[in-house]
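To start, the structure under review is shown below, and the notes come after it.
The values are calculated or read from the model by the stated rules, or taken from the named source; none is laboratory data. What you see is a predicted model, and the numbers here were worked out from it, not measured in a lab. Here the Cβ is made from the backbone with ideal geometry for all residues, glycine too, and neighbour counts use every protein chain on show.
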Amino acid sequence: MSESIHPAVCSAQPSQRADKNPDAPLFEGAYKERFDHILSRYPNKRAALLPVLNMAQELRGWLSPATITRVAELLELTPDYVRSVASFYTMFQLRPVGRHLIQVCIGIGCDLCGAEEVVEDLLEATGTRIGETSRDGKYTVVEVECLGACGFPTVVQVNDKVYENVKPEDVEGLMKELD
Amino acid sequence: MIKPQKSTRIVTLTIDGREVSVPGGTTIWEAAKSAGIEIPVLCHDPRLRPVGVCRMCVVDVGERVLAASCVRQASEGMKVRTSSDKIHTCRKTLTELLLSDYPAESRREGATGDDMLLALARDYGIDRSDIAIPAGDGRTQDMTSPVIAVDHAACILCDRCIRACDEIQHNDVIGRTGKGYGTRIAFDLNAPMGNSTCVSCGECAAVCPTGALTNKTLTVQIRPREQLKKIDSLCPYCGVGCAITFHIDPDTNTVVFAEGRHSPGSESRLCVKGRYGFDYAKHPQRLTTPLIRREEFYPKGPLSFAVKGERRGKPGGLVDYGEVMPAFREATWEEALDLVASRLKGIKQRSGPSALAGFGSAKCSNEEAYLFQKLVRAVFGTNNVDHCTRLCHASSVAALLETIGSGAVTNVFSDVHNADVAVVTGSNTTANHPVAATFIKDAAASGTTLIVIDSRETGIARHAHHFLRIEPGSDVALYNAMMHVLIGEDLVNHDYIRDFTEGFEALRELVKKYPPELAEGICGVPAATIREVARVFGRANAAIIFWGMGISQHTTGTDNARCLISLALLTGNIGRAGTGLHPLRGQNNVQGASDAGLIPMVYPDYQKVGEPATQKKFEEAWGVPLDPNPGLTVVEIINGALKGTIKGMYMMGENPFLSDPNSNKVRKALANLDFLCVQDIFLTETAEFADVVLPATSFFEKDGTYTNSDRRVQVGRTALQPPGQARLDWQLVCEIATRMGYEMKYAGAEEIFEEFTSLAPSYAGLDYHNLSPTGKLWPCPDPASSDGKQLLFGDGFPTPSRRGKFVPVEYQPAAELPDDEYPFVLNTGRLLEHWHTGTMTRRSKALDAIEPEAVCELNPDDLEAMALKSGDYVNLSTRRGTITLKVRASRGVAPGNVFVPFHFREASANILTNDALDPFGKIPEYKYCAVKVAPAQPPA
């Protein structure tokens, strides 16, 4: 991979690049090179945890217990610590998610401007409950704390793409776009 | 890594107008405490690293904002106010916020009554009804652990449990999950506590300030401390000898709960056995009346199907009283004691004193051990007295006595902190000496390089910087190769070798024959690793060596220990801080029972039998002539019983049927005895062969001193009244001695200790008064002002030449090697939750709930090859017998090996073990024999 890209930068589209074989060793080939490169940038292995988790999620689509345990082994940390860190960040998925991960901001600004309704409509459109993946494996709707675009409530992020000023009536169009 | 040095700088500050001087680095909270000013705090405990997350301890240091006193360090000239209106308001508001969604019922307040948050609420006069809001989603309860209740709703995320788990016990089970309001503590990968890798040490519940983590009731309902009687005593289990406070309900004569108590050896830490394994003393199966075997049950033999070796009926974890009791009738103490005395006396008159023998126990106190050996020596007239130390560290002690003239540890385990390198070999420390292991793990996390050498990848191996998995029984080859490297690369301490040792030339010549490449072929450790580890060890300024049964329980046990001693002598790692030889003692009083003379070849304090001056000393003290010949050891006594040369035996607290190797042979031997008196707290497997069974007292029911692995002599105090007619063990020994014509009379344990210390120079000066509250290390020349000698042999050894001796040894394979018929290697040992033959721990509710049944462990690859999985039954067979038990997959066990814990009577490991002996220590080879594994049907 190119040296110019920060090793912490990974695709946030989990399942699109997900490795289909969850039993395979975690980082091999190019991923092993990236892993070594990440380690070389930090004073100790613990410091490399976030970018390594990012890469693991890119590869596997989500952070399964097995993946977390493997990351802990690789970085000489304890599994409970790695999970503590992973569970803190909403961008790390601790359950398998759909092809389209729909994150709705429910921070104070969005909440005041009707995020709740947007969430409800999205759940209805996808036929899921919060955090669940739709039967066809396409959608997972989650609530997140703040997407950093408070001037444009409600903010919705689908995989890498951010949608601003989403109103309940925009949901239908959004779903069409995703299909 | 360089170890942090303690500060020598002193800073002076003013706290609430008072001038206080403290060492640099001291926090304001600690400084205030030292001046007698208590600052309220929730997230901090002096045993934990401060994190300052609760903000309750804020003080005014004259800055714009208040400072958290638990993390802010005192600085020169600092002016601190610990109370003011502003501080008061701040703390009160914090308390209100924490209480706003606190459950109406705190489990801690309802039990020990010491919920710190509710105490603060009372202090600040907060009315909870004004502020209460219902707890949010997901703050549930988790009752899956058998011993600890988790109430997430009462958790204030103070982080104490996480630090206790990570930094005190180093189990790394507790972490956190989520963020914001949804944050909770989590076990492993957010598993229920009971399904996690939690080892139930209870440290989290001990430090939790609220009702989030609390102990479950094990006996009678847990109540506040003030309503209970407090007894400062010890843990009855392992050689670490943790100090414990038992909280007793005097009305029901029951231990309600146990807490760690401060002592230099344990620093208030406990493991699952110490904290939760106390209820066996109240088990309904306690023996309460003397029992005599009924006429119709002669000739003697085993009574239960299990002990007969028949596989009938339901396999169970306990002796079936219904099956065994009918063979005995209740008797009065007079009748039972007269019978014991007259039968033993009769055998002595007919067949001579050497037809008698006694087994004491390393679970008995120093006083009981001393009196028991006195009974055998002065009254029976023989030196045939031994105990289970023979089965654990006899070979280590043989090697230590031969080379450095003393069997004692040369340093305490907690000094591992000062070591650059620690070697742990043949020791499953986290299971067998859990609290000693916390000190080793602690050191490994803070700069000590930990080398673990074992055939199994045990819990302590997880913390090792270098883990060497060796082939079972190949220790000598590995250590010889390490010494080969040390000498070859000149990493030895020439000054030390010149000044303090002898026999170096012979060692150098012998280890020349063991280059690492040769050792690699024997022990399976790559030559490069052997070199690397030897260099790490050789370059250390201070290195300490710990070992356990994996070293000693081999036919080459003495050789293994000799190698370890040579390693230490070669590098001068004895007698200084952070150095030493420490064979980790198993039972709570292994060290003491040996010190007190429960050994056939030595009198108390290792004074040799057969030396005329010593014999004279004890003849004068005890007023009778003594046998000048050393007696027989445990396995030799059993062999003697089998041959008929040993006819009468008295056993105090031993259960050789389960603990001795080759049970099928032990069964015949016990049945062959003319007379057997068993003194115990439960009907054991061995008691099935008894003519008389005497009900004794448990650890909780007597005063006595116990000497731990560190040589720390501590006092165990009476916490409970004995059940029924059960009597103190020492009184029973006195009764039998007196009835055999040798008057023994003591006012109490203290008087016996006085007599013992007068004959044992190492214990000179110690008494019950100066041993309180945390004991002393022997030798203790100045008990009034010192804790005893921590480091031994810094200036030479108690050998005739004052030098330590190198004893070079050649590698020899184990006595019984695997072959086509028996292709696996059998290894035996213990589990964290159980103790030896299980008589205590299997009657302890919590411990039995965690590990209820017999299991063996195999490598998953081996299981797969045999189409077996965890939970299936297997038959394990050796040339001596077969057992059937469940199998558990474990990556810790190397392919080709089987590990069987020996606690379980329904699948007794010692039916399988080989009774081949180490020629010097006379210890059987528990850790190696050839075994066959075959799938089996579950027992009917």
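Data table
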| quantity | calculated |
| --- | --- |
| Strands (runs of 3 or more DSSP E) fully within the stretch B:125-232 counting 1 or more residues that are touching a residue at least 40 places away in the same chain (Cβ under 8 Å), aliphatic (A, V, I, L, M) and crowded, with 24+ Cβ neighbours inside 10 Å | B:148-151, B:213-215 |
| Scan of the stretch B:60-114 for residues that are aliphatic (A, V, I, L, M), surrounded by fewer than 16 Cβ atoms within 10 Å (Cβ to Cβ) and touching a strand residue (DSSP E or B) at 6+ places or on another chain (Cβ under 7 Å), ordered by number | none |
| Scope the stretch A:57-79; condition more than 10 Å from chain B (Cβ to nearest Cβ), crowded, with 18+ Cβ neighbours inside 10 Å and not hydrophobic (A, V, I, L, M, F, W, C); matching residues | A:GLN57, A:GLU58, A:ARG60, A:GLY61, A:THR67, A:ARG70 |
| Residue list for the stretch A:26-48, restricted to those being of a type outside the set (A, V, I, L, M) and in contact (Cβ under 8 Å) with a residue 24 or more places away in the chain | A:PHE27, A:TYR31, A:GLU33, A:ARG34, A:PHE35, A:HIS37, A:ARG41, A:LYS45, A:ARG46 |
| Some residue of the stretch B:573-586 being closer than 30 Å to B:ALA916 by Cβ and assigned to a helix (DSSP H, G or I) | no |
| Qualifying residue in the stretch B:487-496 (condition: in contact with a Cys (Cβ under 9 Å, 6 or more places away or on another chain) and surrounded by 16 or more Cβ atoms within 10 Å (Cβ to Cβ)) | no |
| B:GLU532 of a type in the set (D, E, K, R) and either farther than 26 Å from B:THR429 by Cβ or crowded, with 20+ Cβ neighbours inside 10 Å (or both) | no |
| Condition check for B:VAL424: of a type in the set (Val, Ile, Thr) and either assigned to a helix (DSSP H, G or I) or under 24 Å from the mean Cα position of the chain (by Cα) (or both) | yes |
| Exclusive hit being acidic (Asp, Glu), free of Cβ contacts under 8 Å to residues at least 24 places away in the same chain and not assigned by TED's automatic domain parsing to the domain that holds B:LEU234, set B:GLU367, B:GLU334, B:GLU330 | B:GLU334 |
| Residues that are within 23 Å of B:THR738 (Cα to Cα) and surrounded by fewer than 24 Cβ atoms within 10 Å (Cβ to Cβ), drawn from the stretch B:377-405 | B:ALA378, B:GLY381, B:THR382 |
| One residue from B:LYS348, B:LYS374, B:LYS300, B:LYS308 being at negative phi, crowded, with 23+ Cβ neighbours inside 10 Å and charged (D, E, K, R) | B:LYS374 |
| Qualifying residues in the stretch B:627-639 (those that are in contact with a strand residue (DSSP E or B) (Cβ under 7 Å, 6 or more places away or on another chain) and assigned to a helix (DSSP H, G or I)) - the one modelled with the lowest pLDDT | B:VAL635 |
| The one condition in (1) in contact with an Asp or Glu (Cβ under 9 Å, 6 or more places away or on another chain); (2) part of a helix (DSSP H, G or I); (3) touching a residue at least 40 places away in the same chain (Cβ under 8 Å) that B:PHE439 fails to fulfil | (3) |
| Evaluation of B:SER361 against (1) outside any loop (DSSP other than H, G, I, E, B); (2) under 31 Å from the mean Cα position of the chain (by Cα); (3) hydroxyl-bearing (Ser, Thr, Tyr) (one fails), failing number | (1) |
| Filter result for the condition that a residue is closer than 23 Å to B:LEU694 by Cβ and under 23 Å from the mean Cα position of the chain (by Cα), over B:ASP710, B:ASP729 | B:ASP729 |
| Pairs, first at positive phi and at the interface with chain B (Cβ under 8 Å from one of its Cβ atoms) in the stretch A:80-99, second surrounded by 23 or more Cβ atoms within 10 Å (Cβ to Cβ) and not in a helix (DSSP H, G or I), C-beta under 8 Å, six or more apart | none |
| Residue match in the stretch A:21-30 (condition: under 22 Å from A:THR140 (Cα atoms), modelled with pLDDT under 90, more than 14 Å from every other protein chain (Cβ to nearest Cβ) and surrounded by fewer than 17 Cβ atoms within 10 Å (Cβ to Cβ)) | yes |
| Total residues in the stretch B:364-405, condition closer than 23 Å to B:PRO661 by Cα, polar (S, T, N, Q) and not in a helix (DSSP H, G or I) | 2 |
| Entirely in the stretch B:686-789, the strands (runs of 3 or more DSSP E) that have 1 or more residues that are in the same structural domain as B:GLY346 (by TED's automatic domain parsing) and within 29 Å of B:VAL416 (Cα to Cα) | B:704-707, B:712-716 |
| Identity of the residue in the stretch B:545-591, over 21 Å from B:HIS836 (Cβ atoms) and of a type in the set (D, E, K, R), that ends up surrounded by the fewest Cβ atoms within 10 Å (Cβ to Cβ) | B:ARG576 |
| Test: residue in the stretch A:120-131 that is over 28 Å from A:GLU33 (Cβ atoms), within 14 Å of chain B (Cβ to nearest Cβ), assigned to a loop (DSSP other than H, G, I, E, B) and among the small types (Gly, Ala, Ser) | yes |
| Verdict on A:PHE35 being within 14 Å of chain B (Cβ to nearest Cβ) and either surrounded by 20 or more Cβ atoms within 10 Å (Cβ to Cβ) or within 18 Å of the chain's Cα centre (by Cα) (or both) | no |
| Where B:GLY447 falls short, out of the listed (1) in contact with a Lys or Arg (Cβ under 8 Å, 6 or more places away or on another chain); (2) surrounded by 22 or more Cβ atoms within 10 Å (Cβ to Cβ) | (2) |
| Any hit, the stretch B:73-89, residues being under 30 Å from B:ALA149 (Cα atoms) and part of a loop (DSSP other than H, G, I, E, B) | no |
| Tally of residues being within 25 Å of the chain's Cα centre (by Cα), within 12 Å of another protein chain (Cβ to nearest Cβ) and at positive phi across the stretch B:154-205 | 2 |
| Residue list for the stretch A:153-179, restricted to those being surrounded by 13 or more Cβ atoms within 10 Å (Cβ to Cβ) and under 24 Å from B:LYS179 (Cα atoms) | A:PRO153, A:THR154, A:VAL155, A:VAL156, A:GLN157, A:VAL158, A:ASN159, A:VAL162 |
